[in-house]
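To start, the structure itself, in structure tokens.
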Amino acid sequence: FFAAALYSPGCDEASVDPVITGSSTTNTTVAGVVLNENKEPVAGATVTVHGNTTTTGAGGEFIFNNITVPGSRLFVNVTATGYFNATKAEPPRSGDVTNLKITMLSKTITHTISSVSGGSADLPHGSKVEISPNSVVTSGGSVYNGTVNMSVVYMDPTSVTFSETVQGGDMAALRSDSSSATLYSFGILKVVLEGTGGESLQLSGGSTSTVTTSIPPTMIGDAPASIPLWFFDE
């Protein structure tokens, strides 16, 4: 699914299982700041927390006073023009203030391909995203014919800023049997496809894309021969 962020299958399970399910709720004040990768405030970003929405101020600040959230793990979704979507999960501080710092990655057009002939978005370190011919549609399912603007960013799991920018932040996950897990990443690609008019694009049903993610040299010795495919639901 390319309309939002695509995670490469470069993740494996770690040994610690977080508690991310449950029906209990609690009340907390959620406050924080939204910054870009250069530590600059992102003003005018839309912040959503479990049905509650606000906009960041000039300093990137936001606040939700005394709202009801899941008792074990609240979830924040942030969108802003010119940035990849950002998300953050955090255990709420019941009856207190849950403080958050959310980092957004700038989104620029890195590659262009033809939807008719397809193509490949190659990054210098070896990662790439290959799009098959005639496989791109609009978010409504209509066939898209024209130039596809691709925004592709590689996230290095060995970077000191990785934990600040990874979707969700805590890498918590659910297996297909609904048991919980924590993912251990070997590398992530964030990919957005858009038309020349800025419209969201994605792969058509049944179409495939080959995604290649390089593994940092220091992590190759820990990488298994194969890794299950996980997906991220914003």
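The values are calculated or read from the model by the stated rules, or taken from the named source; none is laboratory data. This one's a predicted model, so the numbers in the text were calculated from it and none came from an experiment. All Cβ positions, glycine included, derive from the backbone under ideal geometry; neighbour counts span all protein chains shown. SASA here: full protein model, heavy atoms, side chains in, ligands and nucleic acids out. Shrake-Rupley method; radii C 1.70, N 1.55, O 1.52, S 1.80 Å.
Regarding segment 161-175, can at least one residue be identified that is at pLDDT below 95, loosely packed, with under 13 Cβ neighbours inside 10 Å and closer than 18 Å to L229 by Cβ?
Yes, segment 161-175 contains at least one residue that is at pLDDT below 95, loosely packed, with under 13 Cβ neighbours inside 10 Å and closer than 18 Å to L229 by Cβ.
Determine which single condition N66 fails, assuming it passes every other condition in (1) surrounded by 14 or more Cβ atoms within 10 Å (Cβ to Cβ); (2) outside any loop (DSSP other than H, G, I, E, B); (3) modelled with pLDDT of 95 or more.
If we test N66 against (1) surrounded by 14 or more Cβ atoms within 10 Å (Cβ to Cβ); (2) outside any loop (DSSP other than H, G, I, E, B); (3) modelled with pLDDT of 95 or more, just (1) comes out false.
Check L201 against each of (1) surrounded by fewer than 19 Cβ atoms within 10 Å (Cβ to Cβ); (2) more than 18 Å from S127 (Cβ to Cβ) and name the one condition it does not meet.
(1)
Of these, G22, G44, which one is outside any strand (DSSP E or B), at pLDDT below 95 and at positive phi?
Working: G44 fails: at pLDDT below 95.
Matching residue, one of G22, G44: G22.
Hey, can you tell me all the residues within segment 119-177 that are farther than 22 Å from N77 by Cβ, of a type in the set (D, E) and touching a Pro at 6+ places or on another chain (Cβ under 7 Å)?
Of everything in segment 119-177, just one residue is farther than 22 Å from N77 by Cβ, of a type in the set (D, E) and touching a Pro at 6+ places or on another chain (Cβ under 7 Å), namely D156.
Which of (1) at pLDDT 90 or above; (2) not in a strand (DSSP E or B) does I227 not meet, given it meets every other one?
(1)
What strands (runs of 3 or more DSSP E), lying completely within segment 162-223, carry at least 3 residues that are under 30 Å from Y144 (Cα atoms) and in contact with an Asp or Glu (Cβ under 9 Å, 6 or more places away or on another chain)?
The qualifying strands (runs of 3 or more DSSP E) are 209-212.
What's the number of the only condition in (1) over 24 Å from T28 (Cα atoms); (2) more than 19 Å from the chain's Cα centre (by Cα); (3) in a loop (DSSP other than H, G, I, E, B) that P92 fails to meet?
Failing condition for P92: (1).
Among the numbered criteria (1) buried (at least 17 other Cβ atoms within 10 Å of the Cβ); (2) under 21 Å from P224 (Cα atoms); (3) over 17 Å from the mean Cα position of the chain (by Cα), which one does H125 miss?
(1)
Cβ contacts < 8 Å: first residue under 15 Å from A172 (Cα atoms), restricted to segment 223-234; second residue in a loop (DSSP other than H, G, I, E, B) and open to solvent by 70 Å² or more (accessible area, probe 1.4 Å), any location; separation 6+ or different chain. Result?
Short answer, once both residue conditions are applied: F231/F1.
Give V153, V78 a once-over and let me know the one that is surrounded by 18 or more Cβ atoms within 10 Å (Cβ to Cβ), aliphatic (A, V, I, L, M) and at pLDDT 95 or above.
Result of the check over V153, V78: V78.
Under 9 Å by Cβ, and 6 or more places apart or on different chains, what pairs join a residue from segment 197-210 that is over 15 Å from G118 (Cβ atoms) with one that is aliphatic (A, V, I, L, M) and surrounded by 10 or more Cβ atoms within 10 Å (Cβ to Cβ)?
Qualifying pairs under 9 Å: S200/A3; S200/A4; S200/V192; S200/L193; G205/V137.
Being open to solvent by 20 Å² or more (accessible area, probe 1.4 Å) and either touching a helix residue (DSSP H, G or I) at 6+ places or on another chain (Cβ under 7 Å) or modelled with pLDDT of 85 or more (or both) is the requirement here; does S178 meet it?
Here the answer is yes, as S178 does meet what is asked.
What number of residues within segment 28-41 are under 25 Å from S72 (Cα atoms) and assigned to a loop (DSSP other than H, G, I, E, B)?
Summing the residues that are under 25 Å from S72 (Cα atoms) and assigned to a loop (DSSP other than H, G, I, E, B) in segment 28-41 gives 0.
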